[in-house]
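These notes are about the structure you will find just below.
The values are calculated or read from the model by the stated rules, or taken from the named source; none is laboratory data. What you are looking at is a predicted structure, and each value in this text was computed from that prediction instead of being measured. Here Cβ is always computed from backbone atoms with ideal geometry, including for glycine, and neighbour counts include all displayed protein chains. Note: accessible area is taken over every heavy atom of the protein model, side chains too, but ligands, DNA and RNA are not part of it. Shrake-Rupley method; radii C 1.70, N 1.55, O 1.52, S 1.80 Å.
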Amino acid sequence: MGDRNPGCELDIGWLNNVHINLPAIKQRATALQSRRAVKKEWQAAWLLRALTCIDLTTLSGDDTSCNVTRLCLKAAHPLSPDLLVALQLEEISEKITTAAVCVYPARVKDAVSSLKKMGMADKIPVASVATGFPSGQYLLKTRLEEIKAAVADGASEIDIVIDRGLVIKHQWEELYQEIQQMKEACGPNVHMKTILAVGELGSLTNVYKASLVAMMAGSDFIKTSTGKENVNATLPVGIVMCRAIRDYYQRVGYKVGFKPAGGIRTAKDALNWLILMKEELGTCWMYPDLFRIGASGLLGDIERQLYHYATGRYAAIHEFSMG
Ligand SMILES: O=C[C@H](O)COP(=O)(O)O
């Protein structure tokens with residue numbers, strides 16, 4: 001990924017000048033899904049692009065070094081050799097990896113050592129969730145320590161969660177300061193993605209304001225959800241966050257990345273998110289330096305659709321090495 005977002009002063013006036021037109025956002029989300037059809041070789045190319053933007057994730061209570069190793073193997077070799085041949089991609093197979101792996105802080109060492117053993121540590125970054133994921137309901141001191149520990153163990157990307165209470169109570173100054181401290185805890189070389197947990201923020205207006213505060217405080221990416229809320233990544237929320245990113249870019253001059261995450265399971269979902277990026281932010285936001293999809297269960301369906309494109313038939317999900 002490129003430079004880090006320097007952030008800017010907290011601008012409360014900007015926050016107070018926000019109006020979200022809910023029916024228009026919903027209409028736009030519906031239109032995005034129906035207007036643009038990506039078919040045949042274009043669909044295969046878009047699915048490959050989506051694959052390279054995935055933060056391949058495991059965030060389960062029963063994660064062990066074994067399934068983290070398997071995750072890393074899958075991230076490094078997401079498509080089977082047969083499928084790569086069928087797609088005529090064998091010559092560039094080393095370029096076809098997921099964007100990162102994403103794990104709990106306690107599993108960072110496992111992921112780093114697995115990738116090192118595969119010779120992929122320089123190519124696939126390890127992202128760690130942190131700051132009391134998924135709730136964020138821990139003392140700030142503990143949350144900051146968690147970031148530092150994950151970085152010390154080798155994480156080069158940190159996905160922080162915010163304290164949703166600060167958004168619900170409109171404590172923008174406190175939110176700004178907490179995120180700034182988290183950025184500082186990440187150190188100079190680590191990219192920070194800020195998870196807003198949009199399903200718990202109460203309104204799209206709050207989503208827009210929280211997006212702006214997160215960017216003003218220096219977040220390199222803003223991310224929709226932890227995957228653990230009742231409502232996770234939805235297109236209306238994505239539109240609002242992308243417009244906040246666009247507004248921030250126009251005013252501050254820095255391109256912040258976007259990561260939808262939570263409940264993204266199908267190739268069609270992935271295409272819809274890519275369409276949203278293209279239409280709302282433009283093609284430069286369709287690459288892993290500015291776009292990630294956080295997903296634990298998406299890769300299997302992308303593989304399945306690519307298999308169908310290459311062979312004309314569908315394979316069962318269990319025919320692939322990991323769904
Ligand atoms: O950060 C990524 C999310 O936790 C993934 O959510 P998911 O398991 O619903 O794909």
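Assorted remarks:
- If the condition is being open to solvent by less than 30 Å² (accessible area, probe 1.4 Å) and either assigned to a loop (DSSP other than H, G, I, E, B) or closer than 26 Å to Thr226 by Cα (or both), then the range 11-51 contributes Leu15, Val18, Ile25, Ala29, Leu32, Val38, Leu47, Ala50, Leu51.
- For the range 297-317, the criterion of a residue being in contact with a strand residue (DSSP E or B) (Cβ under 7 Å, 6 or more places away or on another chain) and not basic (Lys, Arg) is satisfied by at least one position.
- Filter pass, Tyr254 being open to solvent by less than 10 Å² (accessible area, probe 1.4 Å), of a type outside the set (Gly, Ala, Ser) and away from the ligand (no atom under 16 Å from the Cβ): no
- Cβ-Cβ under 6 Å pairs, at least 6 apart or on other chains, the range 218-245 side among the charged types (D, E, K, R), far side assigned to a helix (DSSP H, G or I): Glu229/Gly199; Glu229/Glu200
- Tally of residues being under 19 Å from Leu196 (Cα atoms) and charged (D, E, K, R) across the range 260-301: 1
- Meets criteria (open to solvent by less than 10 Å² (accessible area, probe 1.4 Å), within 16 Å of the ligand (Cβ to nearest atom) and either aromatic (Phe, Trp, Tyr) or in contact with a helix residue (DSSP H, G or I) (Cβ under 8 Å, 6 or more places away or on another chain) (or both)) for Pro260: yes
- Pairs with Cβ under 6 Å, 6+ apart, first in the range 294-313 and touching a residue at least 40 places away in the same chain (Cβ under 8 Å), second within 12 Å of the ligand (Cβ to nearest atom) and open to solvent by 40 Å² or more (accessible area, probe 1.4 Å): Leu298/Arg265
- Per-region count, the range 266-298, residues within 16 Å of the ligand (Cβ to nearest atom), open to solvent by 40 Å² or more (accessible area, probe 1.4 Å) and either under 14 Å from Ser225 (Cα atoms) or more than 15 Å from the chain's Cα centre (by Cα) (or both): 3
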